[in-house]
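Scroll down for the structure; my scribbles are underneath it.
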Amino acid sequence: MSDYLPEEVWIRNILPTLSIKTLLRCTSVCKSWYSLITGPSFISTHLNRNKQQDPPLLLLRHCSDRPRKEHFSIRHDNPTLDDYAELDFPFHSVNSYFRIVGSCNGVVCLSDDHMCYVHTIILWNPSIRKSFNLPRPNVVFQTHGPFMHSIGFGFDSINHDCKVVRVTYVEDDDGFDIVPPEVELYSLSRGCWQSISYCGLQSIIPERSPQVYINGAVHWIAYDRKTNGSIRRSLIVSFNMCDELFRDIFLPDSLAAQCGIDIEINVFGESLCVMHDVFLSGSNQTYDMWVMEKYSVVESWTKLFAIIDYQQSLGPVIGFRKNSEVLLERSENLVSYDLKTKETKNLGIHGVGCFFYVATYVESLVLVRGLKGLSGRHGSVNETEQKRTATKSRKNRQHTFLMGTEGKVLGRTKAQGQGQDKEAGKGTDKETGEESSAAGLSSAPA
């Protein structure tokens, strides 16, 4: 009997079943294993296998105020949300907290744009402890003046490529309703921002609009531009990460006539859904949930259920669980709402109300090759800069941003903001567009 397993058995039957941690060790065995494990075909195979994990995993972020800190963890999507892994979050925001643009295939997209004209966008794979800072976009305050923008993050499954799309509306005398907007696309394979404003997007995506990624596209709630006294109508705008085109998805008439700020977009199971926040008489409030049962088929919109909140104690819908329970915030606690029993259960997770984040998560090797990452007791993006500048200087700059002397809130005049944007750009140029100086986890073996 042979005392070794054929190579094809290892490749097809054994390696794809191994954990991320073990696979990273295997990259040091030999050059052929390094090339195999870090190649797009194996990464895709391993990713698809992990998507079948039962119970599935959830990525959870909650924030504390004192001390101000972001807490990330991976949980089992079981009745008690058992811990799977606590994550070391190595970044520091010049705002209160990072905005999570979205997560896809194990990679989380972070943007430090809650208040200031800051252009830090980070792609982070917490499973392999690697991150990448995108270079500074081309459309910034210094070059274009006041603007509002939204960001989308997803994965191009054809080219195995992470992509970030940035939609920017530059202010004119009538406000931010200039269409088409300036649109920039960043892909890891190209390594730079590319203007795709020729796509001709005609709708308005509100400032920092939340996104969802489903069916290979990112989606935002948007509205038509008001012309000739016409009534603005809400709709969904999608951007496909493969063909890089915008498309409109229309809402039911009863929703299209509603204000976009009262409509939240989400994913329910494998379907696109929206939650409509309706205020009833007295102190009563309800969330109406609509699901698009057939993707992009307007006639398939179905009102699935309503959550009635008699005391207005429930915050916005944060996400959904595999058992269809709804995750919401109540009194700065994460709660789960059972659609059948109409009961809520406190999950024992406390945090600043508007900064909860929950999404389905899958461990992956995306970002493992071609980018230097953060390894071991890795520091943050700002800690990398700290090697080049004095600690006091960095703290003063962050303090200035937070106090508003440089980092003015959106909506200033151009003259007021040029100095701030120039300073923010300096910090971003040092941090973004560069790979971390720390060695990556998967160095090719000799």
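This table checks each residue for (1) of a type in the set (Lys, Arg); (2) part of a loop (DSSP other than H, G, I, E, B); (3) not assigned by TED's automatic domain parsing to the domain that holds residue 187.
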{"residue": "78", "(1), (2), (3)": "no, yes, yes"}
{"residue": "84", "(1), (2), (3)": "no, no, yes"}
{"residue": "100", "(1), (2), (3)": "no, no, no"}
{"residue": "109", "(1), (2), (3)": "no, no, no"}
{"residue": "117", "(1), (2), (3)": "no, yes, no"}
{"residue": "128", "(1), (2), (3)": "no, yes, no"}
{"residue": "131", "(1), (2), (3)": "no, no, no"}
{"residue": "137", "(1), (2), (3)": "no, yes, no"}
{"residue": "153", "(1), (2), (3)": "no, no, no"}
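Output the residue which, of all residues in segment 1-18 that are closer than 24 Å to residue 129 by Cα and either touching a residue at least 12 places away in the same chain (Cβ under 8 Å) or charged (D, E, K, R) (or both), is surrounded by the fewest Cβ atoms within 10 Å (Cβ to Cβ).
Here the answer is 17.
Scan (1) out of contact with any Gly (no Cβ under 8 Å at 6 or more places or on another chain); (2) in the same structural domain as residue 184 (by TED's automatic domain parsing); (3) at pLDDT below 95 for the single condition residue 236 breaks and write down its number.
All conditions are met except number (3).
Residue by residue through segment 306-346, note down the ones that are surrounded by fewer than 16 Cβ atoms within 10 Å (Cβ to Cβ) and part of a strand (DSSP E or B).
Hits for segment 306-346 are 306, 308, 316, 345, 346.
For segment 181-197, indicate whether the set of residues that are of a type in the set (Phe, Trp, Tyr), part of a strand (DSSP E or B) and either surrounded by fewer than 19 Cβ atoms within 10 Å (Cβ to Cβ) or at pLDDT 90 or above (or both) is non-empty.
Yes, some residue in segment 181-197 is of a type in the set (Phe, Trp, Tyr), part of a strand (DSSP E or B) and either surrounded by fewer than 19 Cβ atoms within 10 Å (Cβ to Cβ) or at pLDDT 90 or above (or both).
Taking segment 159-180, which residues are in a loop (DSSP other than H, G, I, E, B) and under 20 Å from residue 115 (Cα atoms)?
Hits for segment 159-180 are 171, 176.
Against the definition (surrounded by fewer than 17 Cβ atoms within 10 Å (Cβ to Cβ) and either at pLDDT 90 or above or out of contact with any Phe, Trp or Tyr (no Cβ under 6 Å at 6 or more places or on another chain) (or both)), how does residue 209 come out, yes or no?
So residue 209 fails the test.
Which one of these is among the aromatic types (Phe, Trp, Tyr), in contact (Cβ under 8 Å) with a residue 12 or more places away in the chain and crowded, with 18+ Cβ neighbours inside 10 Å: 268, 250?
268
Checking residue 210 against (1) part of a strand (DSSP E or B); (2) under 20 Å from the mean Cα position of the chain (by Cα), which test does it fail?
It fails just one condition, (1).
Tally up the residues in segment 1-58 that are part of a helix (DSSP H, G or I) and under 25 Å from residue 107 (Cα atoms), please.
Restricting attention to segment 1-58, the residues satisfying the condition of being part of a helix (DSSP H, G or I) are 7-17, 20-26, 31-37, 40-50.
Add one more test, that the residue is under 25 Å from residue 107 (Cα atoms), and what stays is 11-12, 14-17, 20-26, 33-37, 40-50.
The number of residues fulfilling the criteria is 29.
If a residue has to be touching a residue at least 24 places away in the same chain (Cβ under 8 Å) and under 21 Å from residue 241 (Cβ atoms) to count, how many in segment 92-112 make the cut?
12
In segment 116-156, which residues are of a type in the set (A, V, I, L, M) and touching a helix residue (DSSP H, G or I) at 6+ places or on another chain (Cβ under 8 Å)?
Passing the criteria: 118, 122, 128, 140.
The values are calculated or read from the model by the stated rules, or taken from the named source; none is laboratory data. Fair warning: this is a prediction, and the values are worked out from it, not measured in the lab. A quick note on method: Cβ atoms are made from the backbone with ideal geometry, for glycine too, and the neighbour counts reach across all protein chains shown.
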